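First up is the structure itself, then whatever we jot down about it.
The values are calculated or read from the model by the stated rules, or taken from the named source; none is laboratory data. A quick note: this is a predicted structure, and the numbers were derived from the prediction, not measured. Backbone-built Cβ (ideal geometry, glycine too); neighbour counts: all protein chains shown.
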Amino acid sequence: MSRDLLMPLNGRAVDATPARLAWRLWFAAPAWPGLRDWLLAWPLPLAVLALWALAAHLEWIAPQVLPAPDAVALTLKESLLSGELWANLQVSLIRVIAGFAVGLVGGLALGVAMGLSPTVKDYVYPLFKAFAQVPVLGWLPLLMLLVGIDEGLKIILISKAALVPIALNTYKGIQGVPTRFIEVGRVLRFTRWQMLGQVVFPAALAPIWNGIRYGFTHAWLALVVVELLASSEGLGFMIVYGRQLFQLDVVLAAVVVVGAVGYALDKVLAAIEKRLLGWRKEAF
Amino acid sequence: MARTIVPRPLRGFVIPVLLTAVWWAAVHFGWSTSPLLVAPSKVWQTGVEQVVSGKVFAALGASLWRDLVGFAIGAGAGLAVGALLGASRVAEKLVGPSFHTLKQISLFAWIPLLSVWFGLGDAAKVAFLSLAAFFPVVLNTFEGIRSVPADMLEVARVLKFTPAQRWRKLILPSAAPSIFAGIHLGLIYAWLATLGAEYLLVSGPGIANLMIDGREHFWMDMVLFGVFVVGLVGFTLNWIAGRIEARALAWRGRSVAQF
């Protein structure tokens with residue numbers, strides 16, 4: 001049984017030299033697992049950062065190709081203080097939220113209609129599938145001809161990006177509600193609305209929410225593309241602008257912000273998910 | 001009820017046929033004088049012309065070739081990294097947080113950087129495509145391997161499997177559905193990225209360049225034909241991935257779906 005204690009991660013056989021043993025024990029049962037994980041997360045990014053700083057300062061790489069990390073940090077700080085970054089960030093956020101809202105409402109409506117009514121599904125689903133096969137970027141040239149390159153284009157593309165996964169997951173989620181649940185509802189003589197509100201939607205909530213999260217990720221992706229391609233403000237524009245002037249510190253600063261915002265939005269959605277779906281997990 | 005008017009298998013065609021009829025009518029009766037309103041027959045002609053002259057195949061070939069090379073590199077690297085992260089807790093703790101941070105950066109934000117580092121040619125495009133395929137493959141491979149049931153690993157230990165046996169007979173088969181899901185996603189993302197790379201790094205032939213050309217010259221027929229081809233390719237890639245997945249997982253039977 002004492003082998004069990006030494007049983008490492010993934011059950012590799014243990015050849016127990018004392019040093020290995022000590023490492024395994026520390027790793028497998030540290031005093032503060034959170035602290036250990038936190039500590040282990042840092043060496044790689046710090047090493048990359050150090051190598052990057054070294055490469056920049058010894059001028060192994062031209063600053064036009066890779067500016068020093070402190071130059072990027074400085075640019076980031078300056079654009080934060082000057083308000084330029086905030087202005088662009090605000091434009092981007094408004095766009096993504098507006099587009100996402102349109103896609104959310106449309107996707108939910110379409111998904112619910114297809115999920116609840118076989119007739120609607122028969123008529124609409126094939127066309128919807130065909131529409132979904134062409135990625136956002138395939139529609140771009142067509143839309144540019146039809147609506148120009150103004151705000152409308154961005155909202156339409158972002159909402160398309162969000163709509164497809166939301167509609168698909170809502171439809172599949174409603175379709176996937178176990179028949180047993182419906183039967184229980186029937187036995188309890190639920191009205192139509194009770195059935196929807198108390199059986200169908202709670203049961204389909206997890207896949208629907210999944211679709212919403214995917215939809216948001218896609219909307220964010222679409223926002224950056226459309227801003228890179230056709231915009232005169234926003235985070236994507238900052239990236240293109242910096243690229244055109246060969247100011248890679250601006251590009252990298254904007255990329256950092258894009259990553260940070262993506263991260264923050266992801267966290268917000270995860271927090272909402274915990275509240276929204278937390279009740280499900282208690283069952284296990 | 002509409003239920004009785006149109007037989008079920010034909011219902012999917014109703015809206016497309018109606019839309020085409022409206023489109024045709026709009027052209028025929030001259031509802032709009034916009035040069036963007038081209039006749040459906042014109043789009044068909046352009047399509048035939050492109051296919052007969054082989055232009056569309058040249059463009060499509062260039063795009064697909066890049067797509068496949070980039071996908072192969074990205075998926076290969078993704079499998080390796082995903083397997084490493086999945087199999088080793090130390091590797092996961094060292095690399096995982098950095099990986100999860102990096103993946104938050106919206107994919108297309110990499111393009112301007114890659115264009116500085118690799119130029120505007122095929123190298124930058126392929127690098128970008130492999131990045132697009134890399135992330136979903138890593139994530140799904142990692143999750144697939146992590147969810148190999150612990151009691152099965154215990155059985156393998158009791159049976160004294162060698163590491164090679166453990167991988168071949170237990171871990172890979174058990175993680176296969178998730179790995180294939182990742183590869184499937186990688187394929188879709190790589191195709192999206194193929195189009196994006198052609199828009200943003202305009203040089204050389206490609207299907208998206210064909211559409212950009214069409215847009216610049218206001219050739220609506222060309223753009224519509226491009227949309228159709230892009231959709232068809234996406235559909236075909238999806239279909240192929242689905243078939244391979246079904247084949248590779250056929251041994252699992254349908255027990256999971258049937259319970």
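Residue-by-condition table, conditions (1) of a type in the set (A, V, I, L, M, F, W, C); (2) in contact with a strand residue (DSSP E or B) (Cβ under 8 Å, 6 or more places away or on another chain); (3) over 14 Å from B:PHE134 (Cα atoms):
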| residue | (1), (2), (3) |
| --- | --- |
| B:PRO35 | no, no, yes |
| B:GLY47 | no, no, yes |
| B:ALA59 | yes, no, yes |
| B:ALA75 | yes, no, no |
| B:LEU94 | yes, no, yes |
| B:PRO97 | no, no, yes |
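Give me the pairs, please: first residue somewhere in segment B:12-30 and under 22 Å from A:PRO118 (Cβ atoms), second residue anywhere and at pLDDT below 85 and surrounded by 13 or more Cβ atoms within 10 Å (Cβ to Cβ), beta-carbon distance under 8 Å, and either six or more positions apart or on two chains.
B:VAL14/B:VAL6
Give B:SER255, B:SER203 a once-over and let me know the one that is closer than 30 Å to B:GLN50 by Cα, at pLDDT below 85 and hydroxyl-bearing (Ser, Thr, Tyr).
Testing whether each residue is closer than 30 Å to B:GLN50 by Cα, at pLDDT below 85 and hydroxyl-bearing (Ser, Thr, Tyr) leaves just B:SER203.
Under 6 Å between Cβ atoms, at least 6 apart or on separate chains: pull out the pairs that start in segment B:86-98 with a residue that is at the interface with chain A (Cβ under 7 Å from one of its Cβ atoms) and end on any residue that is among the charged types (D, E, K, R).
B:LYS93/A:ASP37
Does segment B:22-48 hold any residues that are loosely packed, with under 14 Cβ neighbours inside 10 Å and at pLDDT 90 or above, and which are they?
Listed by number, the residues that qualify are B:TRP44, B:VAL48.
For residues that are under 10 Å from A:VAL177 (Cβ atoms) and of a type outside the set (A, V, I, L, M, F, W, C), scanning just segment A:194-228, find the one that is surrounded by the most Cβ atoms within 10 Å (Cβ to Cβ).
Among those that are under 10 Å from A:VAL177 (Cβ atoms) and of a type outside the set (A, V, I, L, M, F, W, C), it is A:PRO207.
For segment A:225-280, what are the residues that are over 13 Å from A:ASN88 (Cα atoms), over 18 Å from the mean Cα position of the chain (by Cα) and of a type in the set (Gly, Ala, Ser)?
A:ALA230, A:GLY242, A:GLY278
Just to be sure I understand, how many residues within segment A:214-235 are within 11 Å of another protein chain (Cβ to nearest Cβ) and touching a Ser or Thr at 6+ places or on another chain (Cβ under 7 Å)?
Qualifying residue count, segment A:214-235: 6.
Determine, yes or no, whether B:ARG66 is farther than 22 Å from B:ALA190 by Cα and either surrounded by 15 or more Cβ atoms within 10 Å (Cβ to Cβ) or of a type outside the set (Gly, Ala, Ser) (or both).
Taking the combined requirement at face value, the residue does not satisfy it.
From the residues in segment A:75-89 that are surrounded by 14 or more Cβ atoms within 10 Å (Cβ to Cβ) and of a type in the set (S, T, N, Q), which one is modelled with the lowest pLDDT?
A:SER79
Do any helices (runs of 4 or more DSSP H) lying entirely in segment B:103-218 carry at least 3 residues that are of a type in the set (D, E, K, R), and which ones are they?
Answer list for segment B:103-218: B:122-146, B:150-158, B:207-216.
In this structure, does B:ARG157 turn out to be within 11 Å of chain A (Cβ to nearest Cβ), more than 20 Å from B:VAL56 (Cα to Cα), in contact with a helix residue (DSSP H, G or I) (Cβ under 6 Å, 6 or more places away or on another chain) and touching a residue at least 12 places away in the same chain (Cβ under 8 Å)?
When the stated conditions are applied, B:ARG157 does not pass them.
Could you tell me which of the residues A:LYS160, A:LYS172 is under 24 Å from B:SER106 (Cβ atoms) and either in a loop (DSSP other than H, G, I, E, B) or not aliphatic (A, V, I, L, M) (or both)?
Sole residue among the options that is under 24 Å from B:SER106 (Cβ atoms) and either in a loop (DSSP other than H, G, I, E, B) or not aliphatic (A, V, I, L, M) (or both): A:LYS160.
Just one of A:GLY34, A:GLY83 is of a type outside the set (A, V, I, L, M, F, W, C), under 27 Å from the mean Cα position of the chain (by Cα) and more than 20 Å from A:VAL257 (Cα to Cα); which is it?
A:GLY34
In segment A:144-183, which residues are within 20 Å of A:ALA219 (Cα to Cα), aliphatic (A, V, I, L, M) and under 25 Å from the mean Cα position of the chain (by Cα)?
Correct list: A:LEU153, A:ILE155, A:ILE156, A:LEU157, A:ILE158, A:ALA161, A:ALA162, A:LEU163, A:VAL164, A:ILE166, A:ALA167, A:LEU168.
State all residues of segment A:245-263 that are assigned to a helix (DSSP H, G or I) and within 9 Å of chain B (Cβ to nearest Cβ); if no residue qualifies, say none.
Residues satisfying the conditions are A:LEU248, A:VAL251, A:LEU252, A:ALA254, A:VAL255, A:VAL256, A:VAL258, A:GLY259, A:ALA260, A:VAL261, A:GLY262, A:TYR263.
Among (1) of a type outside the set (D, E, K, R); (2) free of Cβ contacts under 8 Å to residues at least 40 places away in the same chain; (3) within 30 Å of A:GLU227 (Cβ to Cβ), which single condition is B:ALA133 missing?
Status for B:ALA133: all satisfied but (2).
Can you report the number of residues in segment A:127-142 which are surrounded by fewer than 18 Cβ atoms within 10 Å (Cβ to Cβ) and within 16 Å of A:LEU153 (Cβ to Cβ)?
The total comes to 0.
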